[in-house]
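S.K.: Before anything else, here's the structure in question.
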Amino acid sequence: MTDPVVGVVLEGRYRLEERLARGGMSTVYAATDLRLHKTVAVKVMAEHLAHDPTFVDRFTREARAAAMLSHPNVVGVSDQGSDQGLVFLVMELVRGRTLRDLLSARGRLTVAEAFAVLEPVLSGLTAAHRAGIVHRDIKPENVLIGVDGVVKVADFGLARAVVGTGQTSQTGGVLIGTVAYLSPEQLERGRADARSDIYAAGIVLYEMLTGHPPFGGDTPLAVAYQHVHHDVPAPSAEVPGLPWQVDELVARTTRRDPAGRPIDAGAFLAELNDVRRDLGIDPVPVPTGQSTAGPNTLRPTNRPTRPRPHDRHPSDPGTEVLGGRAPRGGRTSMLPGMGAGPTTDVQGRRPGPARPRPGVPDHIRRRRARLAIAVVLLLAVTAGAIGWWFGEGRWTQVPSVAGKEEVAALDLLRDAGLDPQQPVGEWSETVPAGVVISTDPATGEVIRGTDVDIVVSKGQERYSVDPELAGLPVEQVEAELEDLPLQVTRGEDYDDEIPAGHVIRFDPAAGTDLKRDQVVTVVVSQGRAPVAVPDVTGQSPEQATKNLQDLGFTVERVPDGRSDAVDKGEVMAIDPGPAAGPIPFASTVRIQVSAGVPLVTVPDVVGKSGDEATQILQAAGLQVEATRFFGNSVLRQTPAAGEQVELGTSVTILLTFG
């Protein structure tokens, strides 16, 4: 049936082209990145888990964990998101197969091939451990082998950052992982650190060498019980002829006590390289095709095989060979007359039975002498070794490793016969990241095997504000910054783009490296800055309105007034005016348009003398035109007394005899 998701375009960028694999929690598709025009892998969470915050968090954690790593042996993750109800993450597409596919097809690998696969796995894990990340789910399904032979570690969905104790903790009461590869401490306490990944990698090495995991059972609980209570058997018990150094490597990396394992993937890789050199194993290409291992690679042996702890994997090419039983005696029988020398003498007669020589035979005396000498030498060597041990042999000098790289320091301490503990990270302003700050004990003579505590620099303690917080409401931003050990203060400023109450910027700028307790100011927008009101008097109402609206004001026109200073039809007044100073953006400004000069009431000057009437009319703001007719007394006036006329209007008076 056609997958309904094929053909969907996520976030307008990733077009799902082909389903590659499907599991209980997610499905992986080949997809085309329409923006970059390249093929990628898109992991889509199963629909029934997309609404579970726990599993969504796992998806997000996988993206963040992988994004922290940039290593050729770690599958790169470039994007993560949610669209159309699908929670997804975008990964590098590796064309090839998983280690599980390879083992299913091949059964098992040779030692050289197993080392060729495990070395890049440990290299990728080393980068993760040094970044403070524990994978927690190392298994063949999460080891990808490209067609070009490049090996990559995938699926950091269970990865967690190491906390201050050097361990990650399991929360929620549910242990997630593959029980066949979980370490005893994960199964018993739900806690994991880098040494838990070492245990899982050791189990994977065992499986590559034998074709199956060391423990099996009808239920996961039965398998978990064996991990907690039984040591991992030697691979040579399943595949006779494997070097004892390989058995010891598997035993060291899968010890039930985490303290007995290599401290991290870098230490495991160093031990693997030591074994390679000791055995003289030349590097071989990573296997991608047909096996070079099989039944014919088993060395013939007449030793009885040990009872197997469980059924072998059906694809193991050595199943039938190892399933048979060899003779218990360990020797080959010889029939009379076969390889025992001649059966007749030179005369052709059969010789009589040989007679034993009296006393102890020579060969027995020689054997006893050699044995006595060996015992004496052994006692002498043992006595000397015991004397040396109780004298100077059990003491060693603690090397000074302060200032050295972590890996080099661990090697020096181990070479001195000491037991370096899990390094503890500590911030330092002076010591670069990855360099040892101090050890306890620091120097001096101590008994071999003494635990040495190591403090390694994490570099300068710095924090930064996410630039993506700019533009968000100030309450949300301050809540996000509560997790950072910074002193947060608030400032204000005007901004034409950022709404009031939202963050404009940070001081120091977002993304700047900040020391612990350094002050960072969150600058909050007060909205747009106040605007000064321009003087629009003398302008037409239309022009004045446009000028004010261009500045963001709301314009309201009040009833017209009169002014002797402004022409009719022009703005005569504005409220608030320029003298009020800047006012809030988008405030309302009222304008008043002149309807002409002011009106005055014509005074009554009839009966007044010409000079008095002129004085009264001019005082009222009127002009006077006098017509004299044989006298100096006002007989009548035009306009008449009491009429409303514009200021400056001429009043005509007629003078005659009074």
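S.K.: What number goes with the only condition from (1) at pLDDT 95 or above; (2) closer than 30 Å to Asp193 by Cβ that Asp483 does not pass?
M.R.: Asp483 satisfies every listed condition except (1).
S.K.: Just for the range 626-643: of the residues that are touching a Phe, Trp or Tyr at 6+ places or on another chain (Cβ under 9 Å) and surrounded by 15 or more Cβ atoms within 10 Å (Cβ to Cβ), which one is modelled with the highest pLDDT? First the steps, then the outcome.
M.R.: Quick first cut of the range 626-643, residues touching a Phe, Trp or Tyr at 6+ places or on another chain (Cβ under 9 Å) only: 629-633, 635.
Next, only the ones that are surrounded by 15 or more Cβ atoms within 10 Å (Cβ to Cβ) stay: 632-633, 635.
Working: Asn632: 84, Ser633: 88, Leu635: 83.
Looking at residues that are touching a Phe, Trp or Tyr at 6+ places or on another chain (Cβ under 9 Å) and surrounded by 15 or more Cβ atoms within 10 Å (Cβ to Cβ), I get Ser633.
S.K.: So how many residues does the range 236-264 have that are among the acidic types (Asp, Glu), surrounded by 22 or more Cβ atoms within 10 Å (Cβ to Cβ) and under 18 Å from Asp419 (Cβ atoms)? Please lay out each step first, then the result.
M.R.: From the range 236-264, those among the acidic types (Asp, Glu) are 238, 247-248, 257, 264; that's our starting set.
Narrowing the set further to residues that are surrounded by 22 or more Cβ atoms within 10 Å (Cβ to Cβ) leaves 238, 264.
Subset that is under 18 Å from Asp419 (Cβ atoms): 264.
Total satisfying the criteria: 1.
S.K.: I've got another one for you. Consider Ala532 carefully, then state whether it is among the hydrophobic types (A, V, I, L, M, F, W, C), touching a residue at least 12 places away in the same chain (Cβ under 8 Å), surrounded by fewer than 16 Cβ atoms within 10 Å (Cβ to Cβ) and farther than 30 Å from Glu482 by Cα. Give the steps one after another, and end with the answer.
M.R.: On the way: among the hydrophobic types (A, V, I, L, M, F, W, C): yes; touching a residue at least 12 places away in the same chain (Cβ under 8 Å): yes; surrounded by fewer than 16 Cβ atoms within 10 Å (Cβ to Cβ): yes; farther than 30 Å from Glu482 by Cα: yes.
Answer is yes for this residue.
Okay, residues lined up against (1) more than 18 Å from Asn142 (Cα to Cα); (2) buried (at least 17 other Cβ atoms within 10 Å of the Cβ); (3) over 25 Å from the mean Cα position of the chain (by Cα):
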position: Leu10; (1), (2), (3): yes, yes, no
position: Tyr29; (1), (2), (3): no, yes, no
position: Thr39; (1), (2), (3): yes, no, no
position: Ala46; (1), (2), (3): yes, no, no
position: Val56; (1), (2), (3): yes, no, no
position: Pro72; (1), (2), (3): no, no, no
position: Met91; (1), (2), (3): no, yes, no
position: Arg95; (1), (2), (3): no, no, no
position: Arg106; (1), (2), (3): no, yes, yes
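S.K.: Determine the pairs where a residue that is touching a residue at least 60 places away in the same chain (Cβ under 8 Å), located within the range 555-573, has a partner that is surrounded by 13 or more Cβ atoms within 10 Å (Cβ to Cβ) with Cβ atoms under 7 Å apart, the partner being 6 or more residues away or on another chain.
M.R.: Sorted first by the residue in the range 555-573, then by its partner, the pairs are Asp564/Val597; Asp564/Pro598; Asp564/Leu647.
S.K.: Hey, among Val121, Val150, which residue is at pLDDT 90 or above and either buried (at least 24 other Cβ atoms within 10 Å of the Cβ) or in the same structural domain as Phe59 (by TED's automatic domain parsing) (or both)?
M.R.: Details: Val150 fails: either buried (at least 24 other Cβ atoms within 10 Å of the Cβ) or in the same structural domain as Phe59 (by TED's automatic domain parsing) (or both).
Matching residue, one of Val121, Val150: Val121.
S.K.: Another question, then. Being in contact with a Leu (Cβ under 7 Å, 6 or more places away or on another chain) and closer than 30 Å to Leu617 by Cβ is the filter here; which residues of the range 564-598 pass it? Talk me through it step by step, then tell me what you get.
M.R.: Within the range 564-598, the first condition is being in contact with a Leu (Cβ under 7 Å, 6 or more places away or on another chain), and the residues that meet it are 564, 589, 597-598.
Correct list: Asp564, Val597, Pro598.
S.K.: Another question, then. Answer with yes or no whether Val223 is within 23 Å of Phe59 (Cα to Cα), modelled with pLDDT under 95 and of a type outside the set (Phe, Trp, Tyr). Outline the logic, then answer.
M.R.: On the way: within 23 Å of Phe59 (Cα to Cα): no; modelled with pLDDT under 95: yes; of a type outside the set (Phe, Trp, Tyr): yes.
So Val223 fails the test.
S.K.: Quick one: what pairs do we get from the range 190-208, first residue on the phi > 0 side of the Ramachandran plot, second at pLDDT below 95 and surrounded by 24 or more Cβ atoms within 10 Å (Cβ to Cβ), C-beta under 6 Å, 6+ apart or different chains?
M.R.: From residues that are on the phi > 0 side of the Ramachandran plot, there are no pairs.
S.K.: Pull up the range 423-468, narrow it to residues that are touching a strand residue (DSSP E or B) at 6+ places or on another chain (Cβ under 8 Å) and of a type in the set (S, T, N, Q), then point me to the one that is nearest to Asp517 (Cα to Cα). If you could, list the steps in order and put the result at the bottom.
M.R.: Taking the range 423-468 as the starting set, the residues that turn out to be touching a strand residue (DSSP E or B) at 6+ places or on another chain (Cβ under 8 Å) are 423-428, 431-458, 462-465.
Next, from what is left, pick out any that are of a type in the set (S, T, N, Q): 428, 438-439, 443, 450, 457, 464.
Numbers: Ser428: 15, Ser438: 25, Thr439: 28, Thr443: 35, Thr450: 39, Ser457: 20, Ser464: 12 Å.
The selected residue is Ser464.
S.K.: Just to verify a result, which residue in the range 218-235, among those that are part of a helix (DSSP H, G or I) and small (Gly, Ala, Ser), is surrounded by the fewest Cβ atoms within 10 Å (Cβ to Cβ)? Give the derivation first.
M.R.: Of all residues in the range 218-235, those part of a helix (DSSP H, G or I) come to 220-229, 235.
Remaining after also requiring small (Gly, Ala, Ser): 222, 224.
Working: Ala222: 13, Ala224: 20.
For the range 218-235, the residue satisfying everything is Ala222.
S.K.: Then there's this: Out of (1) under 60 Å from the mean Cα position of the chain (by Cα); (2) surrounded by 13 or more Cβ atoms within 10 Å (Cβ to Cβ); (3) assigned to a helix (DSSP H, G or I), the odd one out for Leu617 is which?
M.R.: The single condition Leu617 does not satisfy is (1).
S.K.: Quick check on Val503: is it farther than 30 Å from Ala409 by Cβ and either assigned to a loop (DSSP other than H, G, I, E, B) or touching a residue at least 40 places away in the same chain (Cβ under 8 Å) (or both)?
M.R.: Considered against the rule, which asks whether it is farther than 30 Å from Ala409 by Cβ and either assigned to a loop (DSSP other than H, G, I, E, B) or touching a residue at least 40 places away in the same chain (Cβ under 8 Å) (or both), Val503 comes out as no.
S.K.: Could you check Phe585 against (1) at pLDDT below 90; (2) under 25 Å from Gly648 (Cβ atoms); (3) in a loop (DSSP other than H, G, I, E, B) and say which number it fails?
M.R.: (2)
S.K.: Report, by residue number, each residue of the range 87-119 that is more than 30 Å from Tyr14 (Cα to Cα), assigned to a helix (DSSP H, G or I) and not aliphatic (A, V, I, L, M).
M.R.: Passing the criteria: Ser104, Arg106, Glu113, Phe115, Glu119.
S.K.: Here is a follow-up. What do you reckon, is Ala127 surrounded by fewer than 19 Cβ atoms within 10 Å (Cβ to Cβ), in the same structural domain as Met208 (by TED's automatic domain parsing) and in contact with a helix residue (DSSP H, G or I) (Cβ under 9 Å, 6 or more places away or on another chain)?
M.R.: Working: surrounded by fewer than 19 Cβ atoms within 10 Å (Cβ to Cβ): no; in the same structural domain as Met208 (by TED's automatic domain parsing): yes; in contact with a helix residue (DSSP H, G or I) (Cβ under 9 Å, 6 or more places away or on another chain): yes.
No, not satisfied.
S.K.: If you take the residues of the range 423-448 that are closer than 12 Å to Glu405 by Cα and surrounded by fewer than 15 Cβ atoms within 10 Å (Cβ to Cβ), which of them is nearest to the chain's Cα centre (by Cα)?
M.R.: Residue satisfying both the conditions and the ranking: Ala433.
S.K.: Scan the range 434-450 and tell me whether some residue there is under 29 Å from Ala510 (Cα atoms) and of a type outside the set (Val, Ile, Thr).
M.R.: The answer is yes, given that some residue of the range 434-450 is under 29 Å from Ala510 (Cα atoms) and of a type outside the set (Val, Ile, Thr).
S.K.: Surrounded by 21 or more Cβ atoms within 10 Å (Cβ to Cβ) and either touching a Leu at 6+ places or on another chain (Cβ under 7 Å) or in a loop (DSSP other than H, G, I, E, B) (or both): does that describe Ala267? If you could, list the steps in order and put the result at the bottom.
M.R.: Numbers: surrounded by 21 or more Cβ atoms within 10 Å (Cβ to Cβ): yes; either touching a Leu at 6+ places or on another chain (Cβ under 7 Å) or in a loop (DSSP other than H, G, I, E, B) (or both): yes.
Taking the combined requirement at face value, the residue satisfies it.
S.K.: Another question, then. Inspect all residues belonging to the range 440-456 and state whether any of them is modelled with pLDDT of 90 or more and on the phi > 0 side of the Ramachandran plot.
M.R.: No, that holds for no residue.
S.K.: When only residues in the range 461-493 that are touching an Asp or Glu at 6+ places or on another chain (Cβ under 7 Å) and touching a residue at least 40 places away in the same chain (Cβ under 8 Å) count, which is surrounded by the fewest Cβ atoms within 10 Å (Cβ to Cβ)?
M.R.: Applying the filter and picking the extreme gives Arg462.
S.K.: Which number in (1) modelled with pLDDT of 90 or more; (2) surrounded by 13 or more Cβ atoms within 10 Å (Cβ to Cβ) marks the one condition that Gly561 misses?
M.R.: Failed condition: (1).
S.K.: Given the options Glu612, Glu646, name the one that is acidic (Asp, Glu) and either modelled with pLDDT of 90 or more or farther than 22 Å from Val566 by Cβ (or both). I'd like the intermediate steps shown before the answer.
M.R.: Details: Glu646 fails: either modelled with pLDDT of 90 or more or farther than 22 Å from Val566 by Cβ (or both).
Exactly one residue qualifies, and that residue is Glu612.
S.K.: Arg414 fails exactly one of the following numbered conditions: (1) touching a strand residue (DSSP E or B) at 6+ places or on another chain (Cβ under 8 Å); (2) touching a residue at least 24 places away in the same chain (Cβ under 8 Å); (3) not in a strand (DSSP E or B). What is the number of that condition?
M.R.: Here Arg414 meets the rest and fails (2).
S.K.: Taking Val597 and the conditions (1) more than 60 Å from the chain's Cα centre (by Cα); (2) among the β-branched types (Val, Ile, Thr); (3) in a strand (DSSP E or B), which numbered condition does it fall short on, given that it satisfies the others?
M.R.: Here Val597 clears every test but (3).
The values are calculated or read from the model by the stated rules, or taken from the named source; none is laboratory data. Not measured: the values here are computed from a predicted model. Heads up, the Cβs are rebuilt from the backbone with ideal geometry, glycines too, and the neighbour counts pull from every protein chain shown.
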